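Asks: Questions regarding the structure given below will be posed in turn.
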Amino acid sequence: MTVNARLGEITERIRNRSRDDRNRYLDRMAAAIGEGPRRARLGCANLAHGFAACGPEAKARLAGGGAPNIGVVTAYNDMLSAHRPYERYPALIRAEAERLGATAQVAGGVPAMCDGVTQGEPGMELSLFSRDVIAMATGVALSHTMFDAALMLGICDKIVPGLVIGALAFGHLPTIFVPSGPMPTGLSNGEKNRVRQLYAEGKATRADLLEAESRSYHAAGTCTFYGTANTNQMLMEFMGLHLPGASFVPPDTPLRDALTRAAVARVLAIGPKGESFRPIGEVLDERAFVNGIVGLMATGGSTNLTLHLVAMARAAGLCLTWDDFADLSAITPLLARAYPNGAADVNAFRDAGGVPFVIRELLAEGLLHPDAKIVWGDDIAAQAQTPALDAAGELVFDPVATVSPDETVVRPAARPFQATGGLELLTGNLGRAVIKSSAVAPERRVIEAPARVFASQDEVQRAFKAGELTGDFVAVVRFQGPRANGMPELHKLTPPLGVLQDRGQKVALVTDGRMSGASGKVPAAIHLTPEAADGGPIARLRDGDVVRLDAVTGRLEVLIDPAEWATRPAAVADLQANQWGVGRELFATFRRAVGPAEQGASSL
């Protein structure tokens, strides 16, 4: 199968740029593999502590050292819908491992924040940093060195990237990610958004809004829009860390349980005692990351992954830049439309062929590396299958349908929704930013208007409620970057800006913060770097400066005399209020150590 020439060039560019760091990483991993499982070399007291709570049979297996032991890292909690289904997983995994002559232990837990709960609240300022906490917690869990392989139980926005980063620190361990699936379809995303806008205008009550939200988010499983949580699941399939078609199978169903049991068997098969040793550090090479970025572009996924994929790659000794994202977007057709870049939810996306269909189409176009390693099968072609249960209740994988049953949701590469991907890089005298262009109507992808400058999303909402946001304007919300306050999502801006746009005003958003995986119909240049707190150009903007956001040519500029712009001083913000409360004081070290957005906004 021939790989697209440009795809090959971009991959080679990443490989060359990363060579020294990647070789050092692979050398460390090879040394760990050469040492073999450390459990066999633990002192007797150490080992006894490691299996003290096990039953007699598991103790005997662990003491003998001949049976493999699976470490389970879980993001279970029973408050968050996406992670509640994991409550049942440890017992299921343990039973299946024992049936197969192995053992399994929950190595540790990691925190799981929900951006849906913290949107617009101070707690959102911990959200991005929770990714690095999760990575470190994964490291703590696996540091007991009791394990031959690992299973990662996590779904949402920062959880999967954090688990990947942590797992890559133990790159010698074969590792599979085990999803829990989406909740059933409730109130449509479009109707939910309509009520949100009515509430923003004062035309719906709080009771009306809560009813709509409760009908949308109503059961166990991930939220059904195609935001960061579900983009993570797509990525795990494209990057070869999920079983085929596993992402969007509903929770608490026989098929979901069968996939979880199959993950146990497979992680043993690719373990050091299995027939096909495949450590995660080898699976996640430059080909896997390119495949993941192509998947992101082809499905119009979350803008947050322009941060997370960079941070994940760095953990594997690989260097990605936003130019790589832009260049891959330029050659990748958009094959899916799921909310917010369409009306469908992820259940409809799955039913229209979902990830396996998109993988098959991209492979046929030479837009994926077919030889990339995966945890299931010999190459990524094995991911173009759909899981099912046969008449006897056994797990089988069927070839994906040759025709999408709903081309309003998923299309073949011959008839894409658009010729290029869903995300764009913007550059200019304001810095570098990204935009989710696939969610923006073509006629709104170029906005030139005076700036209205704000220091928080609360200021924007107050101005909206006071009726001050008249005419065409670009809302500039600054001092929202990782160093300033942890780079919160500004998703609460979507309803008021959407209302103004629907009234006929030309509006856009420019910010050094995030806008979430649900970045919607209002053009938004986000993740702007350098950030205002680092003296970035956004700190020099003033009310009335004319800003041009052009997602067609990839430009983001203030239209001002260059000499005046060069000498204009940067504004300084008082960020003391962002340093304390809801645990923010615990993250001062993260704010000081964090790198810029384009380098993954990582503190590790």
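FYI, it's all coordinate maths here, none of it is from the lab. Small disclaimer: the values here were computed from a predicted structure and weren't measured. When we count neighbours, we look across all protein chains shown, and the Cβ atoms used for this are built from the backbone with ideal geometry, even at glycine.
Asks: So if I restrict to the alpha-carbon atoms in segment 16-173, what is the Rg, and what is Dmax, the biggest pairwise distance, in Å?
Replies: Final numbers for Rg and Dmax: 17.4, 53 Å.
Asks: Restrict the search to segment 455-531; then list the trypsin sites (Lys or Arg not before Pro) that DSSP places in a loop and that have at most 15 other Cβ atoms within 10 Å of their Cβ.
Replies: Taking segment 455-531 and a limit of 15 other Cβ atoms within 10 Å, the loop trypsin sites (Lys or Arg not before Pro) found are 503.
Asks: Take every Cα-Cα pair in segment 424-599 and report what % of them are more than 20 Å apart.
Replies: Considering segment 424-599, 49 percent of its Cα-Cα pairs are separated by more than 20 Å.
Asks: On to the next question. Local charge sum around residue 396 (other residues, Cβ-Cβ under 14 Å, Lys/Arg +1, Asp/Glu -1)?
Replies: Neighbour charge sum, excluding residue 396 itself: -2.
Asks: Oh, and also: Using the Cα centre of segment 435-522 as the reference point, and only Cβ charges (+1 on K/R, -1 on D/E), how large is the resulting charge dipole? Debye, rounded to the nearest 20.
Replies: 140 debye
Asks: Please name whichever of 526, 482, 62 sits farthest to the positive end of the charge dipole of the chain, dipole taken about the Cα centre and charges placed at Cβ: Lys and Arg +1, Asp and Glu -1.
Replies: Farthest towards the positive pole: 62.
Asks: Okay, moving on. Within the set of other residues whose C-beta is less than 13 Å from the C-beta of residue 206, count the net charge using Lys and Arg as +1 and Asp and Glu as -1.
Replies: Every neighbour counted, the sum reads -1.
Asks: Provide the packing ranking of 267-275, 368-376, i.e. peptides ordered by the mean count of other C-beta atoms within 10 Å per residue, highest first.
Replies: Ranked by mean Cβ neighbours within 10 Å, highest first: 368-376, 267-275.
Asks: Same structure again: For segment 356-461, run through the GluC sites (Glu not before Pro) and keep only the ones in DSSP coil with at most 16 other Cβ atoms within 10 Å of their Cβ.
Replies: Listed in order of number, the matching sites are 394, 407.
Asks: A follow-up question, please. Please list the non-local residues whose amide H lies under 5 Å from the amide H of residue 108, H modeled 1.01 Å from N, same-chain partners needing a gap of 5 or more.
Replies: Under 5 Å from the amide H of residue 108: 72, 74.
Asks: Return the whole-Å distance between the Cα centroid of segment 134-192 and the Cα centroid of segment 266-297.
Replies: 15 Å
Asks: Let me ask another. Could you work out Rg/(2.2 N^0.38 Å) for segment 202-246, with Rg from alpha carbons only?
Replies: With N residues counted in segment 202-246, Rg over 2.2 N^0.38 Å equals 1.67.
Asks: For the chain, what does the helix formula give at 222 nm: sum of -39500 (n - 2.57) over DSSP H segments with n ≥ 4, over the residue count, nearest 500 deg cm²/dmol?
Replies: -11500 deg cm²/dmol
Asks: Going by how many other beta carbons lie within 10 Å of each one, how would you line up 491, 49, fewest first?
Replies: In order of increasing Cβ crowding within 10 Å: 49, 491.
Asks: In addition: Quick check: the distance between the Cα centres of segment 425-450 and segment 3-56, to the nearest angstrom?
Replies: Between the Cα centre of segment 425-450 and that of segment 3-56, the gap is 40 Å.
Asks: Nearest 10 degrees is fine. How inclined is helix 354-364 to the longest principal axis of the chain, computing both from alpha carbons?
Replies: Approximately 90 degrees, to the nearest 10.
Asks: Now, a different point. Hey, what angle do you get for helix 189-200 against the long axis of the chain, alpha-carbon based, 0 to 90 degrees rounded to 10?
Replies: For helix 189-200, the angle is close to 40 degrees.
Asks: Let me ask something else about it. Mean shadow of the chain, computed from the convex hull of its alpha carbons, in nm²?
Replies: Projected over every direction and averaged, the Cα hull of the chain covers 26.9 nm².
Asks: Another question about this same structure. Treat segment 122-272 as a sphere of radius equal to its Kirkwood radius over Cα pairs and apply Stokes-Einstein at 25 °C in a medium of 0.890 mPa s; give the translational diffusion coefficient in µm²/s, rounded to a whole number.
Replies: The calculation lands on 142 µm²/s.
Asks: Further question: For helix 206-216, what angle does its Cα long axis make with the longest principal axis of the chain, in degrees from 0 to 90 and rounded to 10?
Replies: That works out to roughly 40 degrees.
Asks: Working from the alpha-carbon coordinates of segment 208-325, get Rg over Rh, Rh being the Kirkwood radius.
Replies: With Rh from the inverse mean 1/r over Cα pairs, Rg/Rh is 1.04.
Asks: Counting Lys +1, Arg +1, Asp -1, Glu -1, what net charge surrounds residue 495 among other residues with beta carbon under 15 Å of its beta carbon?
Replies: Net of charged neighbours comes to +3.
Asks: List, in the order given, every pair from 192/492; 465/506; 436/506; 158/465; 158/273; 158/521 whose Cα-Cα distance in the structure shown is over 22 Å.
Replies: Result: 158/465; 158/273; 158/521 exceed 22 Å.
Asks: Taking only the alpha-carbon positions of segment 293-429 and ignoring solvent, what does the Debye formula give for the base-10 log of I(q)/I(0) at q = 0.15, 0.18 Å⁻¹?
Replies: Computed log10 I(q)/I(0) values: -0.79, -1.09.
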